[in-house]
Each structure stands twice: as C-alpha cells, then as structure tokens.
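Below you will find the structure I want to go over with you.
All of the numbers you see were taken from the coordinates with simple rules; none came from a lab. Quick caveat, the model's predicted, so the values are computed rather than measured. Note that each Cβ is placed from the backbone with ideal geometry, even for glycine, and that neighbours are counted across all protein chains shown.
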Amino acid sequence: MTSPDSVSQGSNPPEYFWSAKGRISRSAYSLRMLCLLAGVVAIIVLFGQSKSLFGGIAFLLVLLAIALQVIKRSRDGLGSGWWALLLCIPPVAGMLILVLAFKGTPETSTESNPA
C-alpha cells in the first residue's frame, strides 16, 4: 500500500474512492458516476417499494460516494469542493453532475515569468 505522500498528483489509487482528498479526472469521474448512478437504479429497482433497512443503508452509501466524487471533481473543474453543497438542491444537483462531467480542467501557465 502506498502512502499518500508518495502518490503523484495524476494518480488516484482505489483507497481514495471513499475519501474527499485530491482531485479526479473527467474520464474517471464520468466512469465512476455512471457506475454509481447504475447502483442507484439497481437499489431503486430491488428495494423500491419495500421499507428495507438494507436498501436504505445501501442508498445512503451510494449518495455519499456520489458526493465524494463531486467534491473531488469540483476541485479540479470549478476550483473549490464547496460547490458540492449544490447537491442539496435536487434540480441543480443533476446539472452540477453533468457540468462536472463535461467541463475541462482550467489551463494554468507553466511559465515562471510570462513577461
């Protein structure tokens, strides 16, 4: 297992899936969101009408995972993880998830002295 200090900025090991640390690329975010949204649909299909405790816990865990991925992607695409608070507003949450899936990373200058 690698320590967080030895991980390069571009990599995102699996142990960071359940962490709000770091950033996530557009492709990794899109793939994770597709899998998580498929998980939401599966939970709704399997436990939709029943009042199952397992279904409720599974649904909350998937929502937590979605929130963590949005925090990481919003740091990369929008500059701050605080944008994830918009997930609390249902119509805005869907738009935020889509914007983060398609918005690229802002370009930064690599020159030390542009003048």
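More than 21 Å apart: what percent of Cα pairs in the stretch 24-102 qualify?
Here the tail beyond 21 Å accounts for 28 percent of pairs.
A further question on this structure: By how many nm would the segment from Leu60 to Val99 lengthen if fully extended, with 0.36 nm per residue of separation less the alpha-carbon distance?
Computed gain between Leu60 and Val99 is 11.7 nm.
Related question: Looking at the stretch 26-89, which trypsin sites (Lys or Arg not before Pro) are in a loop (DSSP not H, G, I, E or B) and have at most 15 other Cβ atoms within 10 Å?
Lys51
Under a plain spin-label model, where a point goes 7 Å from the Cα along Cα-to-Cβ, how far apart in nm are Cys88 and Trp18?
In this crude label model, Cys88 to Trp18 measures out at 2.5 nm.
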